[in-house]
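Novice: The structure is given below, and queries will be raised subsequently.
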Amino acid sequence: MSPIVSTPLGEIRGSTTAGGIHTFLGIPYAAAPVGPLRFEPPRPHAGWQSALDATVYGATAPQRESTGPLAELLPNVVIAGDDYLNLNVWTPDTAASLPVMVFVHGGSFTGGSGAVGGYDGGAFARDGVVLVTINYRLGADGFAWFGDGTANLGMLDQIAALEWVRDFISAFGGDPARVTVFGESAGGMSVGALLAMPAARGLFRRAILESGAAHHAISAESALLVANRLADILGVERSREGLATVSTERLLAAQAQLGTEVSKKPSKKLWGDVAANGLPFEPVIDGDTLPAEPITAIADGASSGVDILVGYNAEEAMLAFAPGGDLGKIRGWLLYFLAIRVGLPPVRAARTYRAARPTARAVDRISDMLTDWIYRIPAVRLAEAHPGSHVYEFAWRSPAFDGEYGAGHGAELPFVFDNLGVTDWAMMTGGTAAQSLADEMHGAWVRFATTGDPGWPPYSTATRTVKRFDTVSTVVVDPSPSTRELWEGRR
């Protein structure tokens, strides 16, 4: 018999798996962001009269289909439709009061969805957690800002989803007082912003940030540079009203062109803060919805009362190199060039990274520096700013791209969701992944959501304790201290 739950918006009919897990898919948490609501903050959904069919995934945010070698490694799903501010719920018992985990997907703030099969929450529900995945506005619809109106619509969508959880998750067997928000990549960066946003205060008790911390937000001036260039590419008025006059297809094409321009010419004069991280669309420090840079706000106490687990993968930046092949052709002088770009003294930086891995190739050292710049050091800075945080490093090496991908970006996801056998992760795991590691990592996430303690000591500047997840996992003290010390006084 199909499970049915009652909410003030109407009844919702889901489905039940052979394992007894109840699944509810495509539930709207806000009104469709189209027409006059397109560039407005999320509005409450009007509800429905007859029972909502929640047996299939709903629409996803407008985006381009994934292509190229990474599309198989990190699969995505694009489903057309206007009512894409929706979420999905997996629960073992609608009459219980269980801890809740809300997952925010990654995708550089321009792609991704909560409808990816690899994010199936059945394993979490099996282990006594109500799992929620969400969709939110992406690209220009979610993050373009010309300095007027409301900024950070995509982030406000995430907050609206968390408000829905607060108001309705008890009908699905979840405890609204025990909510953990977690995300990967842009999703982790989103969680970092949520920790600093006044409107998100009190909506979650714990936070997990995977491969993204609290350093990815841009100034209002930088956002204006990006928005104006996007309008110019489209040949429309420099305003949200101007963007609204073009089709979704044209807007997505213009976004892609803008992204290419940023990567080809990362000039601070042209792009402001975006020149550094290469993400044209991301949270904006507008002084209102996001009052300050997240890491600064967190250091000033914005995240007080929230338990934090943050981490990174040991070879994150191989995402940029492994798919291209011929890694032996990458020259060592690029390490000096990269050091200059990220603000490190080039000679000392090159010497330090070479000494840290004396037998490594040039590409490996370049990847190490990029990984530190974008992922590891921001994770460390967050742990330093929020005492009591727990830190992890994911070191299991994926066999993808002839083993070159290693512990690259996103490699932890099949283990976190305990979905090693799901087709979406076949290329990432290569059939070689140990179930024992999935048991360990997934178990740590469940334990943290339930108790606030993932199973190893918190990080401090005195001990710098880090849990390293691998085929044989260990707790290490201050991994790679020489390269970490190189970044002291820098982001």
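Novice: How would ARG361, ARG464 line up from fewest to most surrounding beta-carbon atoms within 10 angstrom?
Specialist: ARG361, ARG464
Novice: Only Cα pairs under 8 Å and at least 6 apart count here; give the relative contact order of the chain as a rounded whole percent.
Specialist: Here the relative contact order equals 13 percent.
Novice: Still on this model: Note down the nm distance, to one decimal, between modelled labels 7 Å out along Cα→Cβ at LEU37 and at ARG64.
Specialist: So the two model labels end up 2.9 nm from each other.
Novice: Let me ask another. Taking amide H atoms as placed 1.01 Å from N in the peptide plane, list the residues 5 or more away in sequence, or in a different chain, whose amide H sits under 5 Å from that of ASP175.
Specialist: Amide H neighbours of ASP175, under 5 Å, 5+ apart: LEU98, VAL100.
Novice: May I pose another question? I'd like the antiparallel share, as a percent to the nearest 5, of DSSP beta bridges with both residues in the chain.
Specialist: 40
Novice: Additional query: Using each residue's phi in region 332-344, evaluate 6.51 cos²θ - 1.76 cosθ + 1.60 at θ = phi - 60° and report the 3J(HN,Hα) Karplus result to the nearest Hz, with x for Gly and Pro.
Specialist: These are the phi-based 3J(HN,Hα) values: x, 5, 5, 5, 5, 4, 5, 4, 4, 5, 8, x, 9 Hz.
Novice: Ranking SER482, SER50 by Cβ neighbours within 10 Å, fewest first, what do you get?
Specialist: Fewest-to-most Cβ neighbours within 10 Å comes out as SER50, SER482.
Novice: Something else: Roughly speaking, what is the stretch gain from ASP402 to GLU241, that is 0.36 nm per residue apart minus the C-alpha to C-alpha distance, in nm to one decimal? Don't skip to the end; give the middle numbers.
Specialist: Details: separation 161, 0.36 × 161 = 57.96 nm, distance 4.78 nm.
Difference between extended and current length: 53.2 nm.
Novice: Right, here's the next one. About the Cα centre of the chain, how large is the charge dipole given +1 on each Lys and Arg Cβ and -1 on each Asp and Glu Cβ? Please answer in debye to the nearest 20.
Specialist: Details: 38 positive and 51 negative charges, 283 e Å.
With only Lys, Arg, Asp and Glu charged at Cβ, the dipole is about 1360 debye.
Novice: Going Cα to Cα from LYS329, which lysines come in below 30 Å? Please leave out same-chain ones fewer than 8 positions away.
Specialist: Of all the lysines, those that pass the test against LYS329 - Cα under 30 Å, at least 8 places apart if same chain - are LYS264, LYS265, LYS268.
Novice: Here's something else I'd like to know. Would you mind ranking ARG331, ARG201 so that the residue whose beta carbon has the fewest other beta carbons within 10 Å leads the list?
Specialist: Values: ARG331 11, ARG201 16.
Ranking ARG331, ARG201 by Cβ neighbours within 10 Å, fewest first, gives ARG331, ARG201.
Novice: What is region 219-277's relative contact order, in percent, from Cα pairs under 8 angstrom and six or more apart in sequence?
Specialist: Computed value for region 219-277: 34 percent relative contact order.
Novice: Turning to a different aspect of this structure: Once the Cβ-Cβ distance between SER50 and GLU384 is put in as r, and R0 is 41 Å, what FRET efficiency do you end up with, to the nearest 0.05?
Specialist: The pair SER50/GLU384 has a calculated efficiency of 0.20.
Each value in this text was obtained by applying a stated rule to the coordinates, not by laboratory testing. Because the structure is a prediction, the values reported are computed rather than measured. Every residue, glycine as well, gets a Cβ built from its backbone with ideal geometry; the counts of neighbours run over all protein chains shown.
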